[in-house]
Amino acid sequence: MFTLIDGQAVAANIKTTIAEKLATYKLKNGSVPTLAVFIVGDNPASKVYVAGKERATELVGIRSIVERLPQDTTEAQLIAKIAEHNADDSIHGILVQLPLPTHIDAMRVTIAIAPEKDVDGFHPVNVGLLSIGTPQFIPCTPYGIMKLLETYNINPAGKLAVIVGRSNIVGKPIANLLLQADATVALCHSKTSDLKELCKQADILIAAVGKPNVITREYVKSGAVVIDVGINRLADGKLCGDVDFESVNKVASAITPVPKGVGPMTIAMLMQNTLEAYERFAGNNP
Ligand code: GUN
């Protein structure tokens, strides 16, 4: 049986559940979880992502504050604004959209975010907590992938999971999560030898390379589950993933499409992380 993994539907369900929960909190005491988003400069892709995040907050009932800062904002100015939000008890989550302009050091900015408000899960404290198996915030895309596997009853235990791409945002955290779910994990990258042979052994193949259609049918074992994290824009303006969907869907047992696969889950899990930040801040009875 072949399964097309419907990230849009799963994300919609998650957002509905969050909206229902927040409506009851609001009725009880009128409090509102709040997410602050920083965007520096005018990277077109970043603008699209931030607009998507704003739409989702409205839908679920999270208040959002979007700080649009000019391209020439200094690192010190950005860090000072983050410090203001860290100290503000009415703000529960803080996110800085990446990439930042090259004159700003992204790691110094990430470290400036209070770990208990770091809804991206990129602060080294949160990276460390995840790596020892006691996460505070799970980065949104890997969190979304785990939710998709869970929703479709795909249990990673005992399976060989091969991940292509070792980024801090996707590859490394999903490797940790799959390991904690008892998969055997291979984390591959541009220097991996025999990548094709390794991928071909995978029960679960995760493509997070950032190159259009590089994972073709020759990389995929019959019956494998294929998760495509890539969002690439082709010359004709169309979106495509890292996986050559039209050939791989003939061998995979389950596959995420692009769009409407992992992408909507990333935003849904950001809403989930903001809810979790708010619940932890407010104690057990927000
Ligand atoms: N840029 C691309 N992906 C992400 C993400 O998950 N979070 C942030 N903050 N920026 C990104």
Exercise for review: State which entries of 147/172; 15/238; 21/172; 47/238; 147/250 exceed 20 angstrom in Cα-Cα distance in the structure shown.
Suggested key: 15/238; 21/172; 147/250
Review point. Can you tell which of 65, 46, 2 lies farthest toward the positive end of the dipole of the stretch 1-90, using +1 and -1 charges on the Cβ of basic and acidic side chains (Lys, Arg; Asp, Glu)?
Key: 2
Check your understanding: Under unit Cβ charges (Lys, Arg +1; Asp, Glu -1), what dipole magnitude, rounded to 20 debye, does the chain have relative to its Cα centre?
Key -> 400
Check your understanding: So what's the gap between the Cα centers of the stretch 222-285 and the stretch 108-142, to the nearest angstrom?
Key -> 20
Review point. Using only Cα atoms, what is the ratio of the radius of gyration of the stretch 1-90 to 2.2 N^0.38 Å?
Key: 1.38
Exercise for review: At 10 °C and 1.306 mPa s, grab the translational diffusion coefficient of the chain from Stokes-Einstein with a Kirkwood Rh over Cα pairs, rounded to a whole number in µm² per second.
Suggested key: 81
Practice item. Pairs of Cα atoms under 8 Å, at least six residues apart: use those to get the relative contact order of the chain, whole percent. Key: 21
Review point. For the pair residue 28 and residue 197, how long in nm is the line joining their label points, each one 7 Å along Cα→Cβ?
Key: 5.7
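Values in this text are rule-based calculations from the coordinates and carry no lab data. Note that this is a predicted model, so its numbers are computed, not measured. Counting neighbours? That spans all protein chains shown, and the Cβs are built from the backbone with ideal geometry, glycine included.
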